[in-house]
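What follows is one structure encoded as structure tokens, with my remarks underneath.
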Amino acid sequence: RLQESRERLSVCSKLCYAVGGAPYQITGCALGFFLQIYLLDVAQVDAFYASIILFAGRVWDAITDPMVGFFISKTSWTRFGRLMPWIMFSTPFAIISYFLIWFVPDISTGQVIWYLVFYCAFQTLVTCFHVPYSALTMFISREQSERDSATAYRMTVEVLGTVLGTAIQGQIVGKVDTPCIGSPFFFGLSNSSVAMEELNMTHDTESLTDTRNAYMIAAGVIGGLYILCALILLLGVRERRESSELQSDEPVSFFQGLKLVMNHGPYIKLIAGFLFTSLAFMLLEGNFALFCTYTLGFRNEFQNILLAIMLSATLTIPFWHWFLTRFGKKTAVYVGISSAIPFLIAVVVVDSNLFVTYVVAVAAGISVAAAFLLPWSMLPDVVDDFKLQHPSCHGHEAIFFSFYVFFTKFTAGVSLGISTLSLDFAGYQTRGCSQPGQVNFTLKMLVSAVPVGLILLSLLLFKLYPIDEEKRRKNKKALQDLR
């Protein structure tokens, strides 16, 4: 009891730890919801090249996760810890590259290279923040209950971060009207250079400039929040070396540890299940702004609909934490993630109605909260199970967290690139006030049918996940004895 009392974290420590998760979610939400529509309608990048930017950026982001995990495993402990220096030094450069993503360069050629370079640079730098931050879960306490509680705090703040990202980006950008071309005139144009000159003549330059300025203002505000949250984390959390180590710990090489981790059955089954869940929600996230703007016809309301989803998710995180402690994490997975299915179907089946859309948005947010909380709550259980099977291996925590993020980001990059390319093949019209029927049908598939199929597949995979509540209790007792 005395040992458990020493391992308890204060509310202040949990809050400071939780705040550190906000920068990744604020920037990720702004990019996830708005980068696609920004590239297509504001920066006026061709849909084919926009798909390349989104695909390459996400894939590069995925590749950097295991790279950073490798370098972290080779990092020596300092008086600040092993993980904190990564967070400290990556922050200022991440903010600069993030701002430049939302800047439209005054160059006739090389615009695609501009966005690709700074998008990849930001993804690398934010990975240098988020991978060590994720692994920090294992270094704040040895108690499962304390880690679960800190994770619940973190998920609440992270979902609040998505609310802030959606609200800041959406409300600032939503106050200006992005000019569009009416469909009768627009669809009569060909893709020739003469048509482009005629299009530019009708372009409302002042309105487009206001829109571009709004995106940069939003980027500046989000950058300021990034700095503030990083400072709170660095000043308010102490990284405890002893929290992750056992009495028998001996160093193990990265590649040996990687081989052991990838052969750990519960880990593979867990990431396989959440892989398809993440794909479902990332497809929804990446295409929902376009879906609301063109398919539902809510051009001036989509940012408020996104905000409703994120507010609902934030408010229900405490409920899901209570639910998983009361009924178990596997049960929470089945109930929480499957609850999104009827609402994803309803949003495309019901005729376009603003009130119904808001109801569906609020209900969908409940499932989004479960998808946020559960992976990060279940990963520490897998790490504990691994320690019991390999008590001589340590320094592998970053491998678990970085490769989980790697797989989800890699497949998300592929799916987002394919979805944008699908819109291009369907005939997406840049800056159109409306879109052809094929585009609207494609958007319906991307936000409803495909995510529903992925969620059903993930639920089947979760049936194979072996760590239930009884197994967790046995692991906790065995770890205490081993220590």
Going through region 270-292 one residue at a time, which ones are open to solvent by 10 Å² or more (accessible area, probe 1.4 Å) and farther than 19 Å from Leu457 by Cβ?
-> Phe288
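Conditions tested, residue by residue: (1) open to solvent by less than 10 Å² (accessible area, probe 1.4 Å); (2) modelled with pLDDT under 85.
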{"position": "Ala313", "(1), (2)": "yes, yes"}
{"position": "Pro318", "(1), (2)": "no, yes"}
{"position": "Trp322", "(1), (2)": "no, no"}
{"position": "Ala363", "(1), (2)": "no, yes"}
Does region 63-76 contain at least one residue that is outside the structural domain of Gly432 (by the TED database), more than 22 Å from the chain's Cα centre (by Cα) and in contact (Cβ under 8 Å) with a residue 12 or more places away in the chain?
-> yes
Which residues, taken from region 472-483, are of a type in the set (A, V, I, L, M, F, W, C) and outside any helix (DSSP H, G or I)?
-> none
Are any of the residues in region 458-471 more than 23 Å from Gly336 (Cβ to Cβ), open to solvent by less than 60 Å² (accessible area, probe 1.4 Å) and either part of a helix (DSSP H, G or I) or modelled with pLDDT under 90 (or both)?
-> no
Could you tell me which numbered condition Gly453 fails, if it satisfies all but one of (1) part of a helix (DSSP H, G or I); (2) open to solvent by 20 Å² or more (accessible area, probe 1.4 Å); (3) within 24 Å of Leu39 (Cα to Cα)?
-> (3)
How about region 123-180: which of its residues are in contact with a strand residue (DSSP E or B) (Cβ under 8 Å, 6 or more places away or on another chain) and closer than 19 Å to Ile232 by Cα?
-> Phe139
Is it true that Ser73 is surrounded by fewer than 19 Cβ atoms within 10 Å (Cβ to Cβ) and modelled with pLDDT under 75?
-> no
Looking at region 292-396, what helices (runs of 4 or more DSSP H) fall wholly within it and have at least 3 residues that are farther than 30 Å from Asn440 by Cα and assigned by the TED database to the domain that holds Ala272?
-> 302-327, 329-338, 354-389
Say whether the condition of being under 20 Å from Val42 (Cα atoms), surrounded by 14 or more Cβ atoms within 10 Å (Cβ to Cβ) and at pLDDT 65 or above is met by at least one residue in region 185-201.
-> no
Could you list, in sequence order, all residues of region 258-286 that are among the basic types (Lys, Arg) and closer than 27 Å to Pro451 by Cβ?
-> Lys269
Which ones in region 27-46 are in a helix (DSSP H, G or I), farther than 12 Å from Tyr119 by Cβ and of a type in the set (A, V, I, L, M, F, W, C)?
-> Cys29, Ala30, Phe33, Phe34, Ile37, Leu40
Output for region 121-149, where each listed residue is assigned to a helix (DSSP H, G or I), of a type in the set (A, V, I, L, M, F, W, C), out of contact with any Gly (no Cβ under 7 Å at 6 or more places or on another chain) and over 13 Å from Phe89 (Cα atoms) = Ala121, Phe122, Ala135, Leu136, Met138, Phe139
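Residue-by-condition table, conditions (1) in a helix (DSSP H, G or I); (2) touching a helix residue (DSSP H, G or I) at 6+ places or on another chain (Cβ under 7 Å); (3) more than 20 Å from Leu283 (Cβ to Cβ):
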| position | (1), (2), (3) |
| --- | --- |
| Tyr17 | yes, yes, yes |
| Gln25 | yes, yes, no |
| Phe48 | yes, yes, no |
| Ala56 | yes, yes, no |
| Ile72 | yes, yes, yes |
| Pro85 | yes, no, yes |
| Phe89 | yes, no, yes |
| Pro92 | yes, no, yes |
Kindly establish whether Leu260 is more than 30 Å from Gly170 (Cβ to Cβ), modelled with pLDDT of 85 or more, over 21 Å from the mean Cα position of the chain (by Cα) and surrounded by fewer than 18 Cβ atoms within 10 Å (Cβ to Cβ).
-> no
Report yes if some residue within region 9-18 is modelled with pLDDT of 80 or more and polar (S, T, N, Q); otherwise report no.
-> yes
Per the filter on region 346-373, residues without any contact (Cβ under 8 Å) to a residue 60 or more places away in the chain and not small (Gly, Ala, Ser) are Val349, Val350, Asp351, Asn353, Leu354, Phe355, Val356, Tyr358, Val359, Val360, Val362, Ile366
Might you check whether a residue that is open to solvent by 20 Å² or more (accessible area, probe 1.4 Å), modelled with pLDDT of 50 or more, not in a loop (DSSP other than H, G, I, E, B) and not aliphatic (A, V, I, L, M) occurs anywhere in region 225-238?
-> yes
Name the one entry in Tyr49, Tyr38 that is open to solvent by less than 20 Å² (accessible area, probe 1.4 Å), under 26 Å from Phe425 (Cα atoms) and among the hydroxyl-bearing types (Ser, Thr, Tyr).
-> Tyr38
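The values are calculated or read from the model by the stated rules, or taken from the named source; none is laboratory data. Just so it is clear, the structure is predicted and the values come from calculations on it, not from any experiment. Cβ atoms come from the backbone with ideal geometry, glycine included; neighbour counts cover every protein chain shown. In case anyone asks, the SASA skips ligands and DNA or RNA and just uses the protein heavy atoms, side chains included. Shrake-Rupley method; radii C 1.70, N 1.55, O 1.52, S 1.80 Å.
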